[in-house]
Structure formats: structure tokens, C-alpha cells
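The values are calculated or read from the model by the stated rules, or taken from the named source; none is laboratory data. Keep in mind that what you see is a predicted model, and the values were worked out from it rather than measured. We place every Cβ from the backbone using ideal geometry, glycine too, and count neighbours over all the protein chains shown.
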Amino acid sequence: MIVYTCHGAARGVTGSCHLVQCGDSRILVDCGLFQGGREASEANARGFAFDPRSIDAVLLTHAHLDHCGRLPRLVRDGFAGPVLATAATRDLARIVLMDAASLQEQEARRAVARGDVQAEPFSTIADAFQAMEAFDRVVGYAQAIDIAPGIRATFLDAGHILGSASILLELDDGANRRRMIFSGDLGHHGSGMMRELAPAPEADFVVMETTYGDRPHRDFADTEKEFLDAVATTLRRHGNVVIPTFALERAQEILYCLHRGIRAGAIPAGTPVFLDSPMAISATEVFRRHPEGLSDGFRALLRREDPFDTPRVRFTRSVDESMAINTIEGGAIILAGSGMCTGGRVIHHLLHNLERDRAGVVFVGYAAEGTLARKIIDGQKRVRVGRHDVAVRAHVWTINGFSAHAGQPELLAWLGGSPRRQVLLVHGEEHGGMQVMAQFLRSRGVTVACPAQDSPCRLA
């Protein structure tokens with residue numbers, strides 16, 4: 001018997017977690033954290049709908065928190081098998097899991113201080129260390145490896161972030177054979193930093209993300225121009241530019257764009273730029289260590305110069321350095337996490353800048369429903385930032401062309417025209433990208449399903 005069950009990112013975007021059972025073998029593809037407000041926190045707190053002790057292995061598509069963030073809890077709850085990933089994903093996951101655990105411990109301590117004596121972190125730094133011990137071996141692209149009896153896997157370049165992969169499973173339960181491809185998160189070419197994604201191979205079943213299944217992305221040159229114009233406009237008003245930034249890939253891409261903008265004269269060369277995210281700083285170092293995951297053109301650039309550097313860039317690791325930025329009332333560019341404004345240092349930068357009408361907040365990535373970023377993007381005039389009620393007076397820009405996710409044309413090109421038994425759509429807003437992609441594929445005669453959470457789908 002071959003059975004697939006979606007335990008996360010079913011009719012939603014975050015919490016990716018896919019269980020495949022083939023005969024007596026059981027593996028997970030990803031084990032991500034739900035993100036986006038109270039409902040997400042409750043989903044994480046409920047624990048797993050399966051016994052972690054029954055899982056033979058976890059295959060990790062990439063290191064974003066919504067794909068790896070529940071690994072520490074999985075290990076703590078009894079998972080004793082290996083986690084397999086590319087070398088870059090392993091190194092980035094270490095940074096992401098440690099950072100998340102540190103933030104969760106801080107949040108729990110603050111909750112206890114407010115009187116909630118039962119508050120506990122979702123995972124601890126000790127849990128994160130334990131999870132990293134499970135990273136058994138690194139996997140190269142296009143190399144078939146045996147995972148468990150009846151299950152063979154091949155990692156293919158997904159072009160999303162450094163080390164990201166789509167994963168082809170070859171399944172054999174003794175009576176039936178099936179090929180199943182998990183897209184993971186597919187990449188958008190964007191600035192040209194990442195390698196091109198590998199198209200989906202022949203497979204009976206396709207599990208495909210649909211984050212932007214309802215629209216294409218604009219041309220990157222137009223995106224970069226709009227971004228630099230937003231930054232320059234704010235600087236001319238003598239305001240600070242706050243850029244909520246995802247630490248992996250997005251922070252590096254924004255630094256690269258600022259590098260080019262300053263070199264071209266679009267931004268004054270003396271502008272102070274702060275990368276105020278220890279995780280993004282560490283991730284930038286990983287990018288330098290793993291050029292094999294970057295495009296040929298970007299690798300050539302790295303050999304000539306540092307594309308993440310600008311004349312007055314500062315990488316601020318310490319809390320004191322971060323807080324000192326708040327003494328600057330205007331004229332600085334501040335990149336800080338988290339990208340969805342669910343925590344991290346961007347919170348205190350928003351507290352100090354949202355109410356200033358000369359400041360600018362530039363969103364350069366996806367914001368899930370329920371997050372602070374989404375509320376600001378949707379035009380709320382007052383928002384809750386930490387424990388404070390704050391008026392939104394700063395100018396707000398949303399620049400979607402930076403997305404590391406494939407747009408609709410790129411998703412369709414990846415899927416190709418090979419016949420499939422079924423395409424299973426995940427990782428998208430149910431009434432947005434997922435719905436539009438489902439309608440489009442059905443109009444072409446493709447058999448499509450949008451799996452429900454925790455509902456098994458028998459494949460053979």
C-alpha cells in the first residue's frame with residue numbers, strides 16, 4: 001500500500017509536512033512550522049497527527065522555517081531517524097533552528113514575566129541542537145539514494161534559495177510502483193543569484209506549491225527600479241527606510257540590489273546600511289561558503305568582488321548595536337527580520353519608525369494572513385506592534401517582484417506537459433493561488449486535488 005497524507009500546507013501556505021507510507025516504510029518530506037497568528041500557534045501546539053517514532057527518515061527540501069521549524073519538536077517527541085538535505089540546506093537549517101529556538105525561549109520568558117507561569121517555548125536551544133544531530137548525511141543533486149525499504153529519493157535543484165530542492169520519490173511496496181515528485185518551493189529567476197530550477201521529471205503524482213499560482217511576477221528590472229525609487233524617495237525626505245527581510249536569500253538579494261544601486265548612483269554612496277539580523281549575517285556567510293548553489297554568473301561575480309558589500313554597510317550582531325540604530329532619526333537603510341514581522345528586531349524598528357510620516361517601510365516578500373506585515377500591507381491605519389498600539393503614518397511600499405517563489409508561468413513550465421495520474425496542490429492560499437491553479441489545470445484536462453489536512457490519499 002502506498003499512501004500520501006498532507007500534515008501541513010494543506011489549503012494554506014505554512015507548516016509544510018508531507019507523510020509518505022510505502023509498505024512498512026514511512027518518511028516525511030519537510031516538517032515546517034505554521035506561521036501567521038493565533039491559529040498557527042494553536043496548530044503548532046496541537047502536536048503531530050502521527051507518531052514521530054514511526055517515521056524512518058525526513059527529507060528536507062530547504063531551510064525556511066515553514067519547512068524545517070518543527071524538526072526540533074519531532075526529535076523531542078521520539079523521531080530517531082536521519083534528516084537528509086543538501087549541504088547548504090544543512091548549514092542554513094542550523095542557523096534557522098537555533099535562531100527560532102532562541103526567539104521562542106525569549107517569548108516564553110516574557111510571557112512568564114507577564115504572569116503566564118505555564119508558558120513554555122515551542123522548542124528550546126537544546127531541542128535545536130538535538131535536531132541538528134539528526135542531519136545524518138548531505139545529499140547532492142541528481143543522485144538517487146535509498147532512504148528506506150521501497151523508497152528511493154533524488155534531489156533536484158528547485159532554484160528557490162541556496163540548497164533548495166525538489167524531491168523525486170520512487171516507491172515500490174512489492175505489488176505496486178509509483179513515482180512521486182514534491183516541488184518544494186520553486187524559485188523565481190529574479191536577480192539571477194540562484195541556479196535555474198530543474199523541470200519536473202516524469203512522475204505519476206506531483207505535489208506542487210501554489211504560492212503564486214494565480215499570477216506572474218513582473219520583470220525583475222522593473223522591480224529593482226521600483227525598489228530603488230522607494231528607497232531614494234524616503235532618503236530624500238530624510239526618513240529611515242525599514243525593510244522587513246527574510247534572512248535566507250532575500251536579505252542577500254536586497255544587499256546585492258543596494259550594491260548595484262549605489263554603484264549606479266541611484267542611492268547616495270554615503271548612505272548607512274544596516275543588516276540588523278544575526279541570522280541574515282550568518283546566512284550571508286553561508287552563501288559565500290556554498291557557491292555551488294549559485295548561478296554561474298553570480299559565482300563569477302563573487303570571484304571579482306563582494307556583491308553583498310556597500311561603502312557604509314554595517315552588520316549588527318549585538319542587541320546594543322541594534323538598539324543604537326534607533327538613535328538615527330533619518331537617512332538610514334535598515335534590513336531586519338523577520339520578513340513577516342512576526343518577531344525579531346524589525347519589531348523595535350517599526351515601533352520607532354511607523355509613526356514617522358517621513359519614514360518608509362518597504363515589503364519585499366510574501367506576508368501570510370494574520371501577520372503584522374500583512375496588516376500593514378492591507379492598509380490598516382493602526383496596528384499592534386508588540387504590546388503597543390501604533391499609528392501607521394510611514395509610507396508603505398509592497399514590491400512583490402523580489403519573491404523567491406515561482407510565478408504562475410514558471411510553475412506551469414516546471415510542471416510541463418507530461419501525463420500525470422494526479423497533481424496535488426499545496427502551499428497556497430485556498431481561495432487565491434491554489435484555487436486559480438486548480439481551475440487552470442482542470443481546464444487543460446489535468447486531474448487535480450487539493451488535499452485536506454491530515455486526510456490520507458491512497459496512491460496504490
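Within region 163-176, the set of residues being in a strand (DSSP E or B) and touching a residue at least 40 places away in the same chain (Cβ under 8 Å) comprises 165, 166, 167, 169, 171, 172. The one condition from (1) modelled with pLDDT of 95 or more; (2) under 24 Å from residue 368 (Cβ atoms); (3) basic (Lys, Arg) that residue 177 does not meet is (2). Of everything in region 109-129 that is in a loop (DSSP other than H, G, I, E, B), of a type in the set (A, V, I, L, M, F, W, C) and within 24 Å of residue 71 (Cβ to Cβ), the residue that is modelled with the highest pLDDT is 122. Just one residue in the set 57, 63, 100 is under 25 Å from residue 186 (Cα atoms), in contact (Cβ under 8 Å) with a residue 12 or more places away in the chain and either over 21 Å from the mean Cα position of the chain (by Cα) or assigned by TED's automatic domain parsing to the domain that holds residue 287 (or both); that residue is 57.
The residue that is farthest from residue 263 (Cα to Cα), counting only those in region 200-248 that are small (Gly, Ala, Ser) and out of contact with any Leu (no Cβ under 7 Å at 6 or more places or on another chain), is 247.
Residues that are in contact with a His (Cβ under 8 Å, 6 or more places away or on another chain) and either at positive phi or surrounded by fewer than 24 Cβ atoms within 10 Å (Cβ to Cβ) (or both) within region 242-284 comprise just one, 249. Pairs under 9 Å by beta carbon, first residue among the charged types (D, E, K, R) in region 441-460, partner surrounded by fewer than 16 Cβ atoms within 10 Å (Cβ to Cβ) and in a loop (DSSP other than H, G, I, E, B), six or more apart or different chains? Pairs found: 444/417; 454/49; 458/1. Among the residues of region 67-78, is any in a loop (DSSP other than H, G, I, E, B), in the same structural domain as residue 162 (by TED's automatic domain parsing) and closer than 22 Å to residue 162 by Cα? Taking every residue of region 67-78 in turn, at least one turns out to be in a loop (DSSP other than H, G, I, E, B), in the same structural domain as residue 162 (by TED's automatic domain parsing) and closer than 22 Å to residue 162 by Cα.
On the given criteria, is residue 379 within 30 Å of residue 239 (Cα to Cα) and either in the same structural domain as residue 51 (by TED's automatic domain parsing) or part of a loop (DSSP other than H, G, I, E, B) (or both)? Write out each step before concluding.
Numbers: within 30 Å of residue 239 (Cα to Cα): yes; either in the same structural domain as residue 51 (by TED's automatic domain parsing) or part of a loop (DSSP other than H, G, I, E, B) (or both): yes.
So residue 379 fits the description; yes.
Residues in region 409-438 that are closer than 19 Å to residue 9 by Cα and polar (S, T, N, Q): 422, 435.
Please find, among 91, 30, the residue that is part of a helix (DSSP H, G or I), touching a helix residue (DSSP H, G or I) at 6+ places or on another chain (Cβ under 8 Å) and touching a residue at least 60 places away in the same chain (Cβ under 8 Å).
From the options 91, 30, the qualifying one is 91.
The helices (runs of 4 or more DSSP H) found wholly in region 285-375 and carrying at least 2 residues that are under 23 Å from residue 403 (Cα atoms) and modelled with pLDDT under 95 occupy 296-304. If you go through region 420-452 and keep only what is surrounded by fewer than 19 Cβ atoms within 10 Å (Cβ to Cβ) and farther than 21 Å from residue 368 by Cα, you end up with 421, 422, 439, 440, 442, 443, 444, 445, 446, 447, 449.
Taking the criterion of being outside the structural domain of residue 368 (by TED's automatic domain parsing) and either outside any loop (DSSP other than H, G, I, E, B) or over 22 Å from the mean Cα position of the chain (by Cα) (or both), would at least one residue in region 9-16 satisfy it?
The initial filter retains those residues of region 9-16 that are outside the structural domain of residue 368 (by TED's automatic domain parsing), namely 9-16.
Narrowing further to those that are either outside any loop (DSSP other than H, G, I, E, B) or over 22 Å from the mean Cα position of the chain (by Cα) (or both): none.
No, every residue in region 9-16 fails to be outside the structural domain of residue 368 (by TED's automatic domain parsing) and either outside any loop (DSSP other than H, G, I, E, B) or over 22 Å from the mean Cα position of the chain (by Cα) (or both).
Of 389, 378, all but one fail to be touching a strand residue (DSSP E or B) at 6+ places or on another chain (Cβ under 8 Å) and among the acidic types (Asp, Glu); the exception is 389. Is at least one residue of region 141-163 modelled with pLDDT under 95 and among the aromatic types (Phe, Trp, Tyr)? No - not one qualifying residue is present in region 141-163. Scanning region 194-210 for residues that are buried (at least 24 other Cβ atoms within 10 Å of the Cβ) and either among the small types (Gly, Ala, Ser) or within 28 Å of residue 288 (Cα to Cα) (or both) gives 194, 197.
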